[in-house]
Structures are given as structure tokens and as C-alpha cells.
Amino acid sequence: MAKPLKFRNVPTIIGAEKYRSKREAARHQDLLLLERAGEIADLKREVPYVLAPGVKIEGEPRARPALRYVADFTWEEVATGLPVVADAKGMQTDVYRLKKHLMATVHGIHIREL
């Protein structure tokens, strides 16, 4: 029997799309319906944002890569024209809370949790 994943998420496949959890898969299906209804536009998945550039730390053999946050979904609200960055969260880890804070500080973007 397979060991359960750390946060008890269940990877899910719908058609050709692979999702990290049932929650993410369900939210994407909901968003696709909203896009078809014309309420949202330009729906995208797995959109990366750089929070801090890569850096070479003295004494380390290799440079550290950039610190990134990958949004589960982004779209534009048709009624307001405003962009939305969203995450299908089941559990908020310390790392996620830090990245959420950096998204607001660095990019001025407040993540919507679905």
C-alpha cells in the first residue's frame, strides 16, 4: 500500500490535465465554467513569479536559484478588468505564508485563496 502524501492531498487527473490535489482540480473546473460564462478571462495555471533573484553566497560552490512562487491560477475579472492571482489551499504552510507576504510586498499582489 502506498504511503499517503505529506499533506494528504490526492493527485488527480482530469482529461490531459494533472493536478496536485482534488481541491485544485475542482477549483479549475469551476473557473473553466466561469470563463465559458464570460465572467472571467485569460485563465492560466501554474504561473511563476520571482520573489527574489538568484544569488551567489560567498563560500558556497554554486549560486542559489531565484526564490519563486508558482500561482495555481491567474485570471482577469471581466466586470472590473482587475487581475487575480489565486491558490487552491488546503493547508497553509510556513513557507506559503512567507511567499504570500513576499507577493504582497514585492509585487503588490494579494493572493486569493480558493
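No value in this document is a laboratory result; all are computed from the given coordinates. Treat the numbers as computed from the prediction; the structure is a model and nothing was measured. Cβ coordinates were reconstructed from backbone atoms using ideal geometry, including for glycine residues, and neighbour counts include every protein chain displayed.
Restricting to region 5-53, count the residues that are more than 21 Å from VAL84 (Cα to Cα) and touching a Lys or Arg at 6+ places or on another chain (Cβ under 7 Å).
4
May I ask you to verify whether ALA41 is loosely packed, with under 13 Cβ neighbours inside 10 Å and touching a residue at least 24 places away in the same chain (Cβ under 8 Å)?
yes
Check TYR69 against each of (1) surrounded by 13 or more Cβ atoms within 10 Å (Cβ to Cβ); (2) over 21 Å from GLU113 (Cβ atoms) and name the one condition it does not meet.
(2)
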